[in-house]
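Below is one structure, written out as structure tokens, with a few remarks after it.
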């Protein structure tokens, strides 16, 4: 297999630092180009983890001179794949420009800003015949796979309720730290943070699309195909981030045919103070993740349950490793990166956004 020539489009998301690292470390990939997408409004800071800092950091690290225009980069370099890490609102237009040139894409989570935009991306992909995947950092955590395998084994019975809570102080908040970089975020003023896309609702900023999406992701991953989502009741508010017009805390309850899914997301808590990973409450016990990133189970009396043996699946280290391995060996990709799976996630997220806005329960249409 020839090397997969990859470019990165968009440096707005700090996940770009780890994505670039993974591509550079994967021998079947070649990282050939960088280009940012201009923000709707200028950012008032170039501090660590902002788009300007991300682009400079990676350009220097990988000795790649960035292009000023991503379309010109696509035309000049003719890559095989583009990793998209732009703002949530402009993902469809980036996918379209790649698709028109036959360039496959990897979209950083969530797939889009709304379900309609996610379906628009699917239409583009089908029209031009490219391959599109969605990257979620949590897919590549071995203990999450171990927990899911234990759930599917039935060792604690049938799933009744899934619960997921996650949070931090905001992507650019106090003490924030992201994979691919050893240092924490630098101090910023409120005005500096407010100038970035993360704190603007019209670009897809806020805790719903940043963290609430993970709740929808895990809720979908835990369910069997016959346990369809029926409705969502969600709430959101801005309680400690007055310079932002999007919520900093969100919560949702998803009603399924045979179970419940509950999730919470916050931009106002130290990450270390929250549980690690999802919790599965079942008919015969509970599965949960430990702070040491392992999995434990208890029966309904509080006694620890021995979990079945689990072997780590090969090549789930990261998105670049997994994609190259599957393509090299003609194997199917893990379902959680596929568009079909991510459309289902977007249906939950979209209904959650609508419910929080309307103050009412929103029904979920599973006919995509």
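The values are calculated or read from the model by the stated rules, or taken from the named source; none is laboratory data. This one's a predicted model, so the numbers in the text were calculated from it and none came from an experiment. Quick reminder, even Gly has a Cβ in these numbers, built from the backbone with ideal geometry, and neighbours come from all protein chains shown.
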Worksheet item: Would you pick out the residues in segment 183-242 that are assigned to a loop (DSSP other than H, G, I, E, B) and either in the same structural domain as residue 45 (by TED's automatic domain parsing) or surrounded by 17 or more Cβ atoms within 10 Å (Cβ to Cβ) (or both)?
Response: 185, 188, 195, 196, 200, 204, 205, 206, 222, 223, 238, 241
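With the structure loaded, tell me whether residue 30 is farther than 17 Å from residue 178 by Cβ, modelled with pLDDT of 95 or more and part of a helix (DSSP H, G or I) or whether it fails that test.
Working: farther than 17 Å from residue 178 by Cβ: yes; modelled with pLDDT of 95 or more: yes; part of a helix (DSSP H, G or I): no.
When the stated conditions are applied, residue 30 does not pass them.
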Response to the item:
Those strands (runs of 3 or more DSSP E) completely within segment 45-158 that have 2 or more residues that are out of contact with any helix residue (DSSP H, G or I) (no Cβ under 9 Å at 6 or more places or on another chain), at positive phi and crowded, with 19+ Cβ neighbours inside 10 Å are none
Worksheet item: Checking residue 17 against (1) touching a helix residue (DSSP H, G or I) at 6+ places or on another chain (Cβ under 7 Å); (2) not in a helix (DSSP H, G or I), which test does it fail?
Response: (2)
Response to the item:
Note on segment 33-44: residues within 24 Å of the chain's Cα centre (by Cα) and surrounded by 15 or more Cβ atoms within 10 Å (Cβ to Cβ) are 33, 34, 35, 36, 37, 39, 43
Item to complete: For residue 331, indicate whether it is without any contact (Cβ under 8 Å) to a residue 24 or more places away in the chain and either under 16 Å from the mean Cα position of the chain (by Cα) or not assigned by TED's automatic domain parsing to the domain that holds residue 249 (or both).
Response: yes
Discussion item. If I filter segment 167-182 for residues that are surrounded by 15 or more Cβ atoms within 10 Å (Cβ to Cβ), in the same structural domain as residue 271 (by TED's automatic domain parsing) and not in a loop (DSSP other than H, G, I, E, B), do I get at least one hit?
Written reply: yes
